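The values are calculated or read from the model by the stated rules, or taken from the named source; none is laboratory data. The structure presented is a predicted model; accordingly, all values stated were derived computationally and were not measured. Please note: Cβ atoms are built from the backbone with ideal geometry, for glycine as well, and neighbour counts cover all protein chains shown. For accessibility, only protein heavy atoms count, side chains too; no ligands or nucleic acids. Shrake-Rupley method; radii C 1.70, N 1.55, O 1.52, S 1.80 Å.
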Amino acid sequence: MNTSSLIQKVWNFCHTLRDDGVGYGDYLEQLTYLLFLKLAHEYAQEPYNRDTRIPAGYDWASLRGKTGEPLEAHYLAILHKLGTESGMLRAIFFKAQNKIQDPAKLARLVQMIDAESWIGLDADTKGDLYEGLLQKNAEDTKSGAGQYFTPRAIIQAMVACVQPQPEKTIADPACGTGGFFLAANEWLSGSGQWLKEHAEWLRRDLLKLNPRQKRFLREQTFHGNEIVPNTRRLCLMNLFLHNIGELDGEPSVERADALIAEPKIKVDYVLANPPFGKKSSMTITTEEGEEDRDALTYERQDFWQTTSNKQLNFLQHIVSMLKVDGKAAVVLPDNVLFEGGAGEKIRRKLLENCDVHTILRLPTGIFYAQGVKANVVFFDNAPKDGRVHTQGVWFYDLRTNKHFTLKTRQLRLDDLKDFVACYNPENRHARKETERFKFFSYDELVARDKASLDIFWLKDDSLENLDDLPPPDVLQQEIIEHLEAALAAFRDVASGLPSFARAEGGK
């Protein structure tokens, strides 16, 4: 079966299951479990003969000969058993459940996967199939998975600017389904359709990796955290299908809150889009048996400021993760650029201790999470020698007079071509100002109210030229984005009110 027909077959079966109430997320989970078992089975055969650590009687061979209720019962037994093992097995099958309640449909899914030789498929085919399902899942607003999915054009542009080098370590402390790792892997290995389509202006040096560099890329380059078990499972499978990690090895993504403790290792690069939403919180049960949400404040010696603001904590954590000469590119919401209090203190420390050299103002309408206004902040770590390391910041405005939506006008990598050219990855010290690309010195920035980095200078044409408004659907989406952003800000204020004030109001 060729690539396109296989992908169509998998999609069609997904639609069949959706009629039974099985969403993309649940389908993805079951596909992950079964694909992992089938791949392990294939690797255990000639010529590989690998020990996949799957216990006898709980492997693919024990599953594929069954139908009806015996199949369902044995599938449940496999999920439970493998979830108690170690290494990658435990990571993939941790708290696994069967979401396909119809044994006949489960049998058809097993047969569909069994009919193919998955090892024989190239990484692009397997990866494109899985990435496509992840994107569909992100687009399904009911699933809430969009918060873990960063637009691929943004990720690719960030990687093209940072240009990671072989045998260097890359981390993402909130890695979602692994989008940053995949783009960096494609950049380093020279694979990936986006590199081929845009090779002329990306100027990617397509040197072949030597065997040592290939092994390092596969086994040692990537280090991640993902606190949500289901998302971590999808991330690990996504990486594995793109030839990152080992079937019988230890997972490269930890199932832990990255903010709890100082990083275990220092890395060369951090590429990340930490979760949106300002409050870090946990659910606690009171003495009366009622649930309440309590703000988490991380007490860490390596942080400049103690705060319950999750995004400010992630920014401080990322600085702690970097080697002395490490580089970071991080998606951060607008409030991190202008907020007072702890926000101002952290911004001033960041400008002093790191070389914050570039900020990309992102357009609205590009994230699956509604109401998000965000930026990409690029900075390099620097020695703690008492000197101020930011000489000035270059700002690129991709927001003013730019209109994108998730459905009719999606952001493409071509839309970021001018930004990458202005960034000038080959020599960022030889840049030139343009209409959208401006430089502001360190002294100018710290003299601003609260050392705000929320800077814009272009005139919004839509405010004056009523004859040149964007299409109605785009205008509608922008209104929704603004309302969602206002609502999110109001929720943050409300959640920050003292609990006793809320209690008094309820009397």
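Summary value for region 44-173: 14 percent relative contact order, contacts being C-alpha pairs under 8 angstrom separated by 6+ residues. Distances between placed amide hydrogens fall under 5 Å for Phe222 paired with Ile170, all partners being 5 or more residues away or on another chain.
Order the following by accessible area, largest value first: Lys417, Lys438, Lys214. Probe radius 1.4 Å; ligands, DNA and RNA are ignored.
Working: Lys417 95, Lys438 55, Lys214 120 Å².
In descending accessible area the options line up as Lys214, Lys417, Lys438.
Thr434 contributes about 50 Å² of solvent-accessible surface, heavy atoms of the protein only, 1.4 Å probe. Only protein heavy atoms count here; under a 1.4 Å probe, Ser252 has an accessible surface of about 40 Å². Residues whose amide H falls under 5 Å from that of Val270, counting only those 5 or more places apart or on a different chain, are Ala171, Lys327, Ala328, Ala329, with hydrogens built in the peptide plane. Restriction of the GluC sites (Glu not before Pro) in region 370-453 to DSSP coil positions whose beta-carbon has at most 11 other beta-carbons within 10 angstrom yields Glu426, Glu433, Glu435. In this structure Lys99 has an accessible area near 60 Å², from a 1.4 Å probe over the protein heavy atoms.
A 1.4 Å probe over all protein chains sorts Arg215, Arg361 by accessible area into Arg215, Arg361, starting with the largest.
Of the residues Ala73, Gly21, Leu89, the one whose Cα sits farthest toward the positive end of the charge dipole of region 17-92, with +1 on the Cβ of Lys and Arg and -1 on the Cβ of Asp and Glu, is Leu89. The phi-based Karplus calculation (6.51 cos²θ - 1.76 cosθ + 1.60; θ = phi - 60°) puts the 3J(HN,Hα) values of region 397-407 at 9, 9, 9, 5, 6, 10, 10, 9, 9, 6, 10 Hz, whole numbers, x for Gly and Pro. Size descriptors for region 165-264: radius of gyration and Dmax over Cα atoms are 14.2, 43 Å. What value does region 206-266 have for Rg/Rh, both radii from Cα atoms and Rh as Kirkwood defines it? When Rh is taken as the Kirkwood radius, the ratio is 1.02. Sorted on the mean count of surrounding Cβ atoms within 10 Å across their residues, most packed first, peptides 322-328, 100-106 read 322-328, 100-106. Quick one: 3J(HN,Hα) in Hz for region 41-53, Karplus 6.51/-1.76/1.60 with θ = phi - 60°, rounded, Gly and Pro as x. For region 41-53, the Karplus curve yields 4, 5, 5, 7, 8, 4, x, 7, 6, 8, 7, 8, 6 Hz.
Summing +1 for each Lys or Arg and -1 for each Asp or Glu among the other residues whose beta-carbon sits under 11 angstrom from that of Asn424 gives +3.
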